[in-house]
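S.K.: Pasting a structure below so you can have a look.
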Amino acid sequence: MLTKRIIPCIDVDLDEDGNPAVYTGVNFEDLKYTGDPVEMAKAYNESGADEFVFLDITASAEGRETMLDVVERVADEVFIPLTVGGGIRTTDDIKETLRAGADKVSITTGALERPELINEGATAFGNQCIVISVDARRRFDGEGEHYVEIDGESCWFECTKKGGREGTGIDVLEWAQEAERRGAGELFVNSIDKDGTKDGYDLPLTKAVCETVDTPVIASSGCGGPEDMYDVFTEAGADAGLAASIFHFDEYSIEETKEYLDERDVPVRL
Amino acid sequence: MSTLSTSSEQSLASVVIVDYGLGNLRSVTRGLERADADVEITDDPAAFADADGVVLPGVGAFREGVENADPLREDLLEVAERGTPLFGICLGMQMLLTTSEEGENDGESAVQGLDLIPGTNVRFAEGQKVPHMGWNELDVQRDHPLVEGVDGQYAYFVHSYYAVPDDENAAVAMTDYEREFPSIVANEDGNVFGTQFHPEKSGETGLQILRNFVEICSRE
């Protein structure tokens, strides 16, 4: 039986000397240094991570170079799938990233601005390596196309850019369908409302996306512990749960999280 | 285009990875090196003849894969003919079969695989989540040196099509994704085989399979 995947997310930044470093913040503030990305990846692999997501959060040329180097070093030592995102805009960017040892690329803005990139990437490298990432924001006005009820109110989800700072007016569910049609192999669903809160994933959002597409869905943003993973798998139907800070700060180990899920009959790789 | 790595002093076997222009070859190279193979990534068929084993990797679409590998078709058939171990991974495994529904999808003529394991690759049913992506269990059906020590273990899959060999006995392991499908196939002679999953992405289980492969190569 196919198992649910537990994926640690590692945001790669540069430290003062230009070396790769991982920082974690709460609500985009109080950034704390949490480690070297390669060492973190090795430790997570030992504790049973099913996959990794690396995000280049520098969005700079230096960041890109550093990221490729990090990916090469991780791929040389860790034999599980790696997804790499941040600043990918062309098929050459995709090719370079895959050649460095990534298995999939995660694309947000690059695809919103030029949706053909999905078709091009899927045709050249296969749809399994094209992950379309959405940064969704709840909106309670009448400007969307698909609505769900949240606390008695009618809500739609908008695709945002630049980490939620810029709206697009595009309905997440419309975009998810289009991305799938164009050849996306997986959807990576972030919630601006939940990011950094640790009070659980955006279940209505995740559920709506899972019900709209046939491609696998990675839920992200808001995970505060194993019980949130349980909810997003059983209530929303996600295929994978992503978390950053709970693992980085050793609040919960991946092992513990998987044991919790296994005890409650959620299939995981132990 | 040829890169030779000689990291290991006491290598067990020399393995060629066929470079036909697709995807991530780094992980499979490092995985085979871990298994004490000398690895050469090349599109030069002359290298195939000297190798103890040949790996046909692959991610991507069947048509593109077959078309990119087409100049090497005769050379790959010769590898199999000589009895040299030929290991197809993911799309590389699907290319060992005769044909695929995938190649026909766009209304173009069917593309021919290598036909070393007669059969066809078919798509998962409508309404199923595709690709089948993630860790799933290997249910070993019969003896083959490739599967030594991996029965019941988990491997990492990413695919939308699966192999249906004409001969049921070609299935070495099965995996359950709402239906049972062959996740490891092999020909009758046992020297041509493939995994639908990525051993180079399947953690310790995958490394065990790569070690088994290198062991097979060292015996020939």
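The values are calculated or read from the model by the stated rules, or taken from the named source; none is laboratory data. Just so you know, these numbers come straight off a predicted model, no measurement behind them. Cβ placement follows ideal geometry from the backbone for every residue including glycine, while neighbour counts extend to all protein chains displayed. Side chains are part of the model used for accessible areas, which takes the heavy atoms of the whole protein and leaves out ligands, DNA and RNA. Shrake-Rupley method; radii C 1.70, N 1.55, O 1.52, S 1.80 Å.
S.K.: Can you list residue pairs whose Cβ atoms sit under 7 Å apart, with the first residue in region A:248-270 being aromatic (F, W, Y) and the second being open to solvent by less than 70 Å² (accessible area, probe 1.4 Å) and assigned to a loop (DSSP other than H, G, I, E, B)? Count only pairs 6 or more apart in sequence or on different chains.
M.R.: A:Y252/A:G225
S.K.: Show the residue pairs meeting these rules: Cβ distance below 7 Å; 6+ apart or different chains; first residue within region B:117-141 and under 19 Å from B:E188 (Cα atoms); second residue in a strand (DSSP E or B) and among the β-branched types (V, I, T).
M.R.: Between residues of region B:117-141 that are under 19 Å from B:E188 (Cα atoms) and residues that are in a strand (DSSP E or B) and among the β-branched types (V, I, T), the close pairs are B:I117/B:V185; B:I117/B:V192; B:G119/B:V164; B:T120/B:T99; B:T120/B:V164; B:V140/B:V172; B:Q141/B:V172.
S.K.: Sticking with this one: Taking region B:137-159 only, how many residues are surrounded by 24 or more Cβ atoms within 10 Å (Cβ to Cβ) and within 14 Å of chain A (Cβ to nearest Cβ)?
M.R.: Going through region B:137-159 one residue at a time, the tally reaches 6.
S.K.: Could you check region A:138-155 and list, in sequence order, the residues that are touching a Cys at 6+ places or on another chain (Cβ under 8 Å) and either open to solvent by 70 Å² or more (accessible area, probe 1.4 Å) or closer than 15 Å to A:V213 by Cβ (or both)?
M.R.: Result: A:F140, A:Y147, A:E149.
S.K.: If a residue must be within 12 Å of chain B (Cβ to nearest Cβ) and surrounded by fewer than 24 Cβ atoms within 10 Å (Cβ to Cβ), how many such residues does region A:171-199 contain?
M.R.: 2
S.K.: With the requirement that a residue be modelled with pLDDT of 90 or more and among the aliphatic types (A, V, I, L, M), what does region B:98-125 give you?
M.R.: Listed by number, the residues that qualify are B:L114, B:L116, B:I117, B:V122.
S.K.: Right, another one. From the list B:D36, B:D43, B:D50, B:D19, exactly one residue is within 14 Å of chain A (Cβ to nearest Cβ), in contact with a strand residue (DSSP E or B) (Cβ under 9 Å, 6 or more places away or on another chain) and among the charged types (D, E, K, R). Which is it?
M.R.: The unique qualifying residue is B:D19.
S.K.: Considering B:L97, B:L77, B:L114, B:L72, which residue is in a loop (DSSP other than H, G, I, E, B), more than 14 Å from chain A (Cβ to nearest Cβ) and open to solvent by 10 Å² or more (accessible area, probe 1.4 Å)?
M.R.: B:L114
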